[in-house]
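Here the structure comes first, spelled out in structure tokens, and everything after it is commentary.
A short reminder: the numbers here are calculations on the coordinates, not readings from a lab. Because the structure is predicted, anything quoted here is derived from the model rather than measured. Reconstructed Cβ throughout: ideal geometry from the backbone, glycine too, with neighbour counts over all protein chains shown.
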Amino acid sequence: MLLRKMYRDIKHNFMQFFTIFLLSFLAVFLYAGMASSNVGIKQIQSQYHKDTNLADGWIYGDGFTNEELNAVKSLDHISDAQLRKMIETQGEGDNKPTIYLYLEKQNIITKPYVIEGEAFNPDSTDGIWINNRFAEEQNLRVGDTYSLSYHNVTITKIIKGLIMTPEYEYYQEKTALEPDFSKLGYAYMNLNAFPVREYVESLVTSGDITVQDILDQTSALDDVVAQLEANNMTTSDITKDMIIDKIASMPEDKLFDLLPMTEMIIKTDVSDVLALEDKIAGALNNDYAVFLDRNSQPGIKQLNDEIAQHDQFSFVFPVVFLTIALLTIMTTMNRMILEQRIQIGTMKAMGVKKRKILLHYCSYSFFLSTVGAILGLCTGPFSIGNALNYFMPTMYTLPKWKSGYSSTFYLIVLMTVIVCTGATYLSCRKILKINPADTLRPAPPKNGKKCAFEHLPFWGKLSFSNQYNLRDISRSKLRAFMCLFGTMCGMMLMVSGLGCMNTLDNVDEWMFEKLQNYQSEMILKDGTSLSDAEQLSKTLSGELVMTDGIEVAVEENANATKKVTASITVTEGKGLYNITDINQKVMSLNDGDVAITRKLAEKLDVSVGDTVYWHLYDKEKWVASKVTMINRNPQATGITMTRSEYDKSGYSYQPLICVTNENVSNIQNDAFAVTYDRIDMQASFDNSMKSMNFIVALLVTFAIIITVLVLYNSGILSFNERVKELATLKVLGFQSGTIRRLLFKQNLWLSMIGAMIGAPLGKMMLQYMFDSNGDAMDYLAVISVQSYLISAIVVIGCSAAVSLLFSGKLKKLDMVEVLKGLE
Amino acid sequence: MSLIEFKDVVKTYGNKDNLQYAVNHVDFTIEKGEFVVILGQSGAGKSTVLNILGGMDQPTSGSVLINNQLISSMNDKQLSNYRATTVGFIFQFYNLLPSLTALENVALTKDIVKNAFDAKEMIASVGLLEHKDKFPSQMSGGEQQRVSIARALSKNPDIILGDEPTGALDSQTGVMVLELLRNMCKERNKTVIIVTHNADFAQCADKVIRMKNGKIKELTINDNPAPVREVEW
């Protein structure tokens, strides 16, 4: 019978109980929805890494020998190791795509994952395996012929398979803001299928390699040197033609000494791979540049950072919704138990046990929260989870995308049910302690006492409605707090949502009007000489910019745990490629200046005046630089300096791009591969931020839902609590409109206070959201005045709309029935 | 041995400086099957006596023996059990659960005691079978009170307590309800104790306890109680 009572009570107070159901549903729906995408990604990623036997560690250097490979293999905890070489080639197509080509003699670690065609065969002499995303963009199929060029050498192979590899779960061009899979790809090929002879000849012809280089790196000319010495000649007598003749007759394995294996990938049986660095360094006689584990591999780290951000964020929603659910339940059940006091007393008088009565009332919230939570659990992953999985592939690459379930979801469901049921338990407990005889009598009125507001010096001057509302707030603190907290959360979510768009607009302006103060960007061809690049820049009144990967630390020769992977940007200080301070104000970069980005400075705990040490990614020489500025960049982490400062490092200056404000559409020059104009780059950036629209829509929608739910509940409770007073006011002659304004006023005050508190919290939440996006991004949360105003208008508008809903109730208020009471 | 022995019971409210005696050294006994009326004006202490008899309140001092059980020293759980099995309470304002129908209000007792009577039979016994599916808000006061009586009786209690059971009813309906209670007492040998301020009730009672200011002013035994219908109201 009590079950029927429960169903009918719920039906009678439908909106209030529906709110409890909805809040429980939303708490789990949003958490499970957001987290399911992560769970699915982690599951797929884990399997992907296992299937491809992904390396645990990467060692980069100038060149590793087989002896060094065997030395590393023989170390404890190293289960396997392999060498390979990666070269940056240019593919076919008008957009001159970059293809990272991996050359391997064996493939036992980090095996390419086959999407179509054959598995990668490192013994194949005519095949190439290209990544499937690039192939899709370029309409390439298995069986097609594809050509790559490298240092004036063309490599033409048959596409034997379309593949992907975990090292490229995320990848983008060096100067791009977001991935463009048509402009960047990667491929695998047999090392021995590389036309090394033509390559070396090309290097010699172009002067990129000297006799000394050949002597240092190979034994190819040893017999020539011996002959020269026999004839009292020296190495300076060796000519290009002599070398080319020699190359023509040399066996290829000797020529491959000029294409050394610069990467060693390892498998280990320990979880802390970086702890093995000292032993590996010993085995390699410290002859290496960089040692990375999976967490530091950019292609893997970026996705992991995104997952971590989603993980952090997915907890925000259940916390917000459960807190509001808790407040709603406590106020609703408190109210209900007060209203059903005599019914409770009757049940006690009949001999119904206390435990049974308690269980009965707890069952209201238990039933509603369980149904809501389970429904949220079932629908979240299919809706939000799949929606996120729709957007993720625009940035990341995995074999497939699906939502997954984890035991945490069930814990969240359990927590939701416990919180909701527990809140009801706390509400019921008090009344059950009262003896049945007293429970059968109406509750004694609360002790009349002055509220805190009455001590205000201007209390006497306040109008009746203001005094009435202030006393009511004081009397019903929990309800007032619920209203305030709910509108605060609503405002916070709304401000964050609208602020997202403002921030992206700000980043757009920051990138394209302050940092990149140019119209066109020309990507220089690989192998372009510095003189050609400088000539091009002079012709176009442009500026050359070099960017490269570095490792930076606060001590020289730091080991992997103390180094941070970053980028170096070298400009000419001409004002086309700028840096900004932490408040986005453009700074002049002068000779002698070394700027470090804010996030990197925090990570290394350095400030202006401190010295940092850095080396180019694939070079071993460390350089000391004194920090003179802290800058901020939304999409890059690293150090920036002028060319003259860079030249002091001893590294050779190799610009990557030339930027200019000139119209370059009709320029013909061999120095550059492709040009991008600003409009294209901005469009590309806007496109990459499309997934943000989804997040914004989510935040705004739920902001409105929370605000309406909370205000409506608060309104209902307020009305029911004061129904006798309102009826009395009506009897006294107050118009319904006046009474409605009286009720609206309180909701309005609380909504305004909630909005004022929620506004700065919204900015904090937005900044937190962007800060949790990993080291690469450093957005400044910007919220326009318009966004604040729109948010406030929506929140207060919801308040007004809810008040209007009560005007009908007020008109229908039966004064006689209410004031008659039990009689 | 009497069914009910109320010995020197005191019930006070308030603190030492402002002690109010709701019941002030009250003694009486009631036998099984008696129809007892406790009379008194407002504040006489009659409802307090009824609440103590019903196990809904505890005396400050004194002892209350019912069916050889010392209910004045029972704990919460024991009192709850006592209320479930021994007592059927009828309230002035019926106190039916508004979200249950007449039949469901009576059937609720099946969740309290294992051997509760069939709800439909009990509803029929109070002449409300055709109204069994109505909610309290759809019934008159008299009909609601009859449902309340059916509910009280369905537990097959030893004692039926009524706190002004006709107080909210018109005189005609009140007579009907009183007659029902009287018949229950006689036909089923139940001990019925009614609290009222209406002195006319005394004519129908086997025993009349008159209270004033928390004390028993007079206790009379009526050897020839009049039938309810013959009383001039």
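Can you put A:Arg471, A:Arg479 in order, fewest other beta carbons within 10 Å first?
With the fewest neighbours first, A:Arg471, A:Arg479 line up as A:Arg471, A:Arg479.
For the range A:286-395, build the charge dipole from Cβ charges (+1 Lys, Arg; -1 Asp, Glu) around the Cα centre, then report which of A:Thr323, A:Leu359, A:Leu303 sits farthest towards its positive end.
Selected residue: A:Leu359.
Principal axis lengths of the range A:601-641 from Cα atoms, whole Å, largest first?
So the extents along the principal axes, rounded to whole Å, are 27, 24, 19.
Write down the percent of antiparallel bridges among all DSSP beta bridges whose residues are both part of the protein assembly as shown, to the nearest 5.
Counting only bridges with both partners in the protein assembly as shown, antiparallel ones make up about 70 percent.
So what is the 222 nm mean residue ellipticity for chain B from helices alone, if each DSSP H run of at least 4 adds -39500 (n - 2.57) and you divide by all residues, rounding to the nearest 500 deg cm²/dmol? Don't skip to the answer; put the middle values down first.
On the way: 6 runs with 63 residues, N = 233.
Computed mean residue ellipticity for chain B: -8000 deg cm²/dmol.
Under the Kirkwood approximation applied to all pairs of distinct alpha-carbon atoms, what is the hydrodynamic radius of the range A:288-372 in Å?
Numbers: mean 1/r = 0.0574 Å⁻¹.
One decimal place: 17.4 Å for the Kirkwood radius.
Would you calculate, for chain A, the mean residue ellipticity at 222 nm contributed by helices, counting each DSSP H stretch of 4 or more residues as -39,500 (n - 2.57) and dividing by all residues, to the nearest 500?
Taking each H run of at least 4 residues, the total per residue is -16500 deg cm²/dmol.
Taking the beta-carbon count within 10 Å as an exposure proxy, list B:Leu128, A:Leu478 from fewest neighbours to most. Display every interim value, and only then the final one.
Numbers: B:Leu128 22, A:Leu478 12.
With the sparsest Cβ surroundings first, the list reads A:Leu478, B:Leu128.
What share of all Cα pairs of the range A:40-130, in percent, falls into each consecutive 5 Å distance bin?
In order of increasing distance, the bins hold 3, 10, 17, 21, 19, 16, 10, 3, 1, 0 percent.
With both bridge residues required to lie in chain B, what share of the DSSP beta bridges run antiparallel, to the nearest 5%?
The answer is about 55 percent antiparallel.
Rule-of-thumb check for the range A:331-433: C-alpha Rg over 2.2 N^0.38 Å?
Here the Cα radius of gyration is 1.60 times the empirical estimate.
Based on the alpha-carbon gyration tensor of the range A:401-511 and its eigenvalue square roots a ≥ b ≥ c, which shape applies: rounded if a/c is under 1.5, prolate if not and a/b is larger than b/c, or oblate?
oblate
Hey, got the dipole for the range B:141-217? About the Cα centre, +1 on K and R Cβ, -1 on D and E Cβ, debye to the nearest 20?
In debye, rounded to 20, the range B:141-217 gives about 380.
Using only Cα atoms, what Kirkwood radius does the range A:485-632 have, in angstroms?
By the Kirkwood definition, the hydrodynamic radius is 17.9 Å.
Would you please calculate the Kirkwood hydrodynamic radius of the range B:1-132 over all C-alpha pairs and express it in Å, rounded to one decimal?
Hydrodynamic radius (Kirkwood, Cα only) of the range B:1-132 equals 16.8 Å.
Using just the alpha carbons, could you tell me how many Å³ per residue the convex hull of chain A encloses?
Values: hull volume 173.5 nm³, N = 823.
With only Cα atoms used, chain A gives 211 Å³ per residue.
According to the square roots a ≥ b ≥ c of the eigenvalues of the Cα gyration tensor, what is the shape class of the range A:684-823, taking rounded for a/c under 1.5, prolate for a/b larger than b/c otherwise, and oblate for the remainder?
It comes out prolate by the Cα gyration axes.
Could I have the simple spin-label model distance between A:Ser383 and A:Asp213, label points 7 Å from Cα toward Cβ, reported in nm to one decimal?
In this crude spin-label approximation the distance works out to 6.1 nm.
What does the average come to when, for each residue of peptide B:87-95, you count the partner chain Cβ atoms lying within 10 Å of its Cβ?
Partner Cβ neighbours, averaged per residue: 4.
If N is the number of residues in the range A:461-507, what value comes out of its Cα radius of gyration divided by 2.2 N^0.38 Å?
1.82
Can you give the mean number of other chain Cβ atoms that lie within 10 Å of the Cβ atoms in peptide A:352-365?
Per residue, the average neighbour count from other chains is 2.
Mind scanning A:Lys353/B:Lys190; A:Lys348/A:Lys477; A:Lys433/B:Lys77; A:Lys42/A:Lys562 and naming the pairs with a C-alpha gap bigger than 19 Å?
A:Lys353/B:Lys190; A:Lys348/A:Lys477; A:Lys42/A:Lys562
What does the charge count around B:Lys134 come to, taking other residues whose C-beta lies under 11 Å from its C-beta (Lys +1, Arg +1, Asp -1, Glu -1)?
Combined, the nearby Lys, Arg, Asp and Glu give -3.
With Cβ to Cβ distances under 12 Å as the rule, what net charge do the other residues near A:Asn53 carry (K, R +1; D, E -1)?
That works out to 0.
Taking the alpha-carbon set of the range A:235-384, what are its Rg and Dmax in Å?
35.6, 117
Give the residue from A:Gln47, A:His12, A:Asn95 lying farthest towards the positive end of the charge dipole for the range A:1-104; charges sit on Cβ (+1 for Lys and Arg, -1 for Asp and Glu) and the dipole is referred to the Cα centre.
A:His12
Quick one: net charge of A:Asp144's neighbours, Cβ under 11 Å, K/R +1, D/E -1? List each step's numbers first, then the result.
Values: positive: A:Arg141, A:Lys157, A:Lys160; negative: A:Glu92.
Residues close to A:Asp144 contribute a combined charge of +2.
Which log10 I(q)/I(0) values does the range A:239-324 give at q = 0.13, 0.14, 0.18, 0.24 Å⁻¹ under the Debye formula, counting every alpha carbon as one identical point scatterer?
Debye curve over Cα of the range A:239-324, log10 I(q)/I(0) at q = 0.13, 0.14, 0.18, 0.24 Å⁻¹: -0.74, -0.78, -0.92, -1.18.
Once the convex hull of the C-alpha atoms of the range A:747-788 is built, how many Å³ does it hold per residue, rounded to a whole number? Provide the component values of the computation, followed by the final result.
Details: hull volume 2.6 nm³, N = 42.
Each residue corresponds to 62 Å³ of Cα convex hull volume.
Given contacts defined as C-alpha pairs under 8 Å and at least six residues apart, what's the relative contact order of the range A:344-503, whole-number percent? Please list the in-between numbers first.
Numbers: 72 pairs, mean separation 46.6, N = 160.
Relative contact order here is 29 percent.
Can you tell me the dipole magnitude for chain A around its Cα centre, using point charges on the Cβ only (Lys, Arg +1; Asp, Glu -1), in Debye to the nearest 20?
Working: 76 positive and 89 negative charges, 2033 e Å.
Once rounded to the nearest 20, the dipole reads 9760 debye.
In peptide B:96-109, what is the residue-averaged number of other protein chain Cβ atoms found within 10 Å of each Cβ? Walk me through the numbers before you get to the answer.
Working: counts 2, 12, 6, 12, 6, 3, 0, 1, 5, 4, 1, 2, 8, 4.
If you average over the peptide's residues, the count of other-chain Cβ atoms is 5.
What dipole magnitude, in Debye to the nearest 20, does the range B:71-209 give about its Cα centre under +1 on Lys/Arg Cβ and -1 on Asp/Glu Cβ?
Working: 15 positive and 16 negative charges, 84 e Å.
With only Lys, Arg, Asp and Glu charged at Cβ, the dipole is about 400 debye.
Let me see the P(r) profile for chain B: every Cα-Cα distance counted, bins of 10 Å, each bin given as a percent of all pairs.
8, 33, 36, 19, 3, 0
Can you give the Rg/Rh ratio of the range A:469-547, where Rg is from the C-alpha atoms and Rh is the Kirkwood radius? Walk me through the numbers before you get to the answer.
Working: Rg = 27.4 Å, Rh = 17.9 Å.
We get a ratio of 1.53 for the range A:469-547.
What number in nm² do you get for the range A:160-299 if you take the convex hull of its Cα atoms and divide its surface by four?
In nm², the orientation-averaged hull projection of the range A:160-299 is 12.7.
Students often check this: by mean Cβ neighbours within 10 Å, which of A:244-254, A:646-656 ranks highest, and how do the rest follow?
Per-residue mean Cβ counts within 10 Å order the peptides as A:646-656, A:244-254.
When chain B is modelled as a GNM with alpha-carbon springs shorter than 10 Å, which of B:Ser125, B:Ser47, B:Ser148 fluctuates the most?
B:Ser125
Let me know the shape class of the range B:88-202, please: from the alpha-carbon gyration tensor, a ≥ b ≥ c as square roots of the eigenvalues, rounded when a/c is under 1.5, otherwise prolate if a/b is greater than b/c, or oblate.
oblate
Mind sorting B:Glu130, A:Glu198 by how few other Cβ atoms lie within 10 Å of their own Cβ, fewest first? Please list the in-between numbers first.
Numbers: B:Glu130 9, A:Glu198 17.
Fewest-to-most Cβ neighbours within 10 Å comes out as B:Glu130, A:Glu198.
Within the range A:392-459, list the trypsin sites (Lys or Arg not before Pro) lying in a DSSP loop whose Cβ has at most 13 other Cβ atoms in a 10 Å radius.
Those that pass, being in a loop and sparsely packed, are A:Lys400, A:Lys446, A:Lys449, A:Lys450.
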